[in-house]
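In what follows, a single structure is set out as C-alpha cells and then discussed.
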Amino acid sequence: MHRKAHFHTSIFGITSTAANAALAILLTLLFLMFLLLFMTLTAQPAQGQTFAVIHSFTGTDGANPFAGLTMDASGNLYGTTLNGGTGYNGTVFKLRHAGSGWVLATLYSFPGGDNGSQPTAGVTIGKEGSLYGTTFSGGLYPCGQPSVDCGVVFNLKPPATAPRSALYSWNETLLYSFTGGADGGYPNGDLTFDRAGNIYGTDGWGGYEGYGSGGAVFELTRSGDTWTETTLYSPTNNGDGQTPSGGVIFDNSGNMYGVFVGGGPNGGGAVYEISPSGSGWNMQYLYAFAGQSGGPAPIGGLMFDPHGNLFGTTAAGGTNGGGMVFQLVPGSSGWTFNLLYSFPSPTCTTGACGPQDRLVMDGAGNLYGTTWGGGAYGFGSVFKLSPSGSGWTYASLHDFTGGSDGAKAKSNVVLDAQGNLYGTAAYGGMNGDGVVWEITP
C-alpha cells in the first residue's frame with residue numbers, strides 16, 4: 001500500500017497550515033489597528049475656539065467697559081470702564097497674567113469734577129510707557145448742561161517709587177480740558193500719536209459754530225509740560241459730515257483718516273481724509289454713505305491693511321439694516337467701496353446693533369470685530385471674516401447670552417502672539433457690570 005505523499009511548504013520555518021493561520025491573525029490585527037486609528041481620528045472634536053471670561057467687574061473695581069483693550073509688549077491688557085470705581089465715575093485698569101489666570105489692578109478711579117469722569121474710549125500707550133486717554137465728561141467747562149462738563153485728555157503714570165503692594169493708584173495729569181467751543185467737547189475714540197509725539201483725536205460736540213455743533217478733529221502739541229490744542233477740522237453744519245468718531249489713523253505720508261457718524265454729501269455719514277496743506281489741513285470725502293432711517297452710523301473708526309486698503313464698519317445700514325463691514329481700495333481715480341459683509345436685520349431693542357469699534361486683522365488677512373447686538377441671543381457677538389476666493393466668509397466666534405459671559409460688546413479685538421483674542425462686553429457677567437473675555441484657538 002502506498003501512502004499519499006504530503007508536501008509541506010514553510011514560511012520562515014512555519015508550515016503552510018500554520019502560516020495560513022498566522023496570516024489570518026496578522027490581517028485581523030492590522031484591520032483592528034486600522035479601525036481603531038480611524039475611530040480615534042474621527043472621534044476627535046473639531047478644533048474650535050474656546051471662550052472664557054477672564055474678569056467679571058464688581059462695580060468697586062469698575063463697571064461697564066464701553067471700550068476695548070490695549071496690549072503692551074509683555075502681553076498685559078489695559079482698558080477703561082465707563083462707571084464704577086471709588087466715586088463711580090469710571091476707572092482705568094490693568095490685567096496681567098498670574099499663573100494660569102489673570103489678576104486685575106485698578107490703576108485709577110476718576111474722582112469726577114475737574115479730573116474728568118466716564119471714559120468711553122480705551123487708552124493709548126506712550127513711548128515712555130505711560131497711558132493716555134480721554135473722558136467723555138468732567139473737566140473744567142460745561143457743554144451746554146450745567147451738570148455735564150466737556151471732558152478731558154489725561155495721562156497716567158505709576159508713582160516714582162511704587163509701594164510693595166500691587167494695589168496702588170497711578171498719578172493722573174490733566175493735559176487738556178475741552179471748552180465745548182471751537183475745540184469741541186465729549187471726546188470719543190482712542191488717541192493717536194504721530195512720529196513727533198503730537199496727540200490726535202475726535203470729539204462729537206461744539207467745534208466750528210460753538211455749542212451744539214458737529215464736533216471736531218483735534219491735535220495736542222507739547223511744549224515742556226504744557227499741551228496746546230489746535231482744531232484741525234470742524235464741520236460747518238452746512239452739509240458737512242457731523243460728529244467725527246472713533247479717533248483717526250495715519251498713512252505713511254502723514255495723511256489722516258476717520259469717519260463722520262452722520263451728515264456728509266448723502267446725509268448718512270462719511271469716510272474722510274485730512275491732509276497737510278501749507279500751514280493748515282484740507283479735508284476731502286473718500287466715501288459718503290446714503291442717508292437711511294437712523295443712518296448707517298459708521299462709529300468705530302478705520303484700519304489699514306498692508307496694501308493700503310481701508311476697512312471699517314457701520315453700526316446700522318447695509319443690505320439687511322444690521323450694520324456692515326466695508327473696504328475702501330485706493331486707485332488712480334479715487335477710492336472704490338466694497339461691501340464685505342452685511343449683518344442680519346437688527347434684533348437689539350436699543351441703539352444700533354452692528355459693530356461699534358474698529359476691526360483688527362491677523363497675519364493671514366482675517367478680520368475680527370464685535371457687535372453691540374444681534375447674534376444668536378440678541379446680546380452681541382464676536383465675529384471673524386476670512387478672505388475666500390473673491391469674497392469673505394463670516395464665522396461667529398461667540399454669541400453673548402446676556403448672562404455670566406457678558407452682553408453688548410462695544411469693543412475692539414486685540415490679538416496676542418499665540419493668536420488668542422481679547423475684548424470686553426459692557427454688561428452681563430457675574431455682577432451685571434461687564435466682563436473682559438478671551439477666545440483661544
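The values are calculated or read from the model by the stated rules, or taken from the named source; none is laboratory data. Being a predicted model, the structure only gives us computed values, none of them experimental. Here Cβ is always computed from backbone atoms with ideal geometry, including for glycine, and neighbour counts include all displayed protein chains.
A few points about this structure:
- The strands (runs of 3 or more DSSP E) located wholly in segment 61-146 that include 1 or more residues which are in contact with a His (Cβ under 8 Å, 6 or more places away or on another chain) and aromatic (Phe, Trp, Tyr) occupy 101-109.
- Residues satisfying the stated conditions in segment 325-341, i.e. under 28 Å from Gly402 (Cβ atoms) and at pLDDT below 95: none
- Reported count of residues in segment 140-187, each being over 28 Å from the mean Cα position of the chain (by Cα) and either loosely packed, with under 13 Cβ neighbours inside 10 Å or modelled with pLDDT of 95 or more (or both), is 10.
- Of all the listed residues (Gly369, Gly375, Gly380), the sole one being closer than 18 Å to Pro344 by Cα and either of a type in the set (Asp, Glu) or modelled with pLDDT under 95 (or both) is Gly375.
- Hey, Phe193 at pLDDT 90 or above, over 25 Å from the mean Cα position of the chain (by Cα) and among the hydrophobic types (A, V, I, L, M, F, W, C) or not: no
- Here Ser279 clears all of (1) in contact (Cβ under 8 Å) with a residue 40 or more places away in the chain; (2) surrounded by fewer than 14 Cβ atoms within 10 Å (Cβ to Cβ) except the condition numbered (1).
- Any hit, segment 286-309, residues being in a loop (DSSP other than H, G, I, E, B), touching a Lys or Arg at 6+ places or on another chain (Cβ under 9 Å) and either free of Cβ contacts under 8 Å to residues at least 40 places away in the same chain or loosely packed, with under 14 Cβ neighbours inside 10 Å (or both): no
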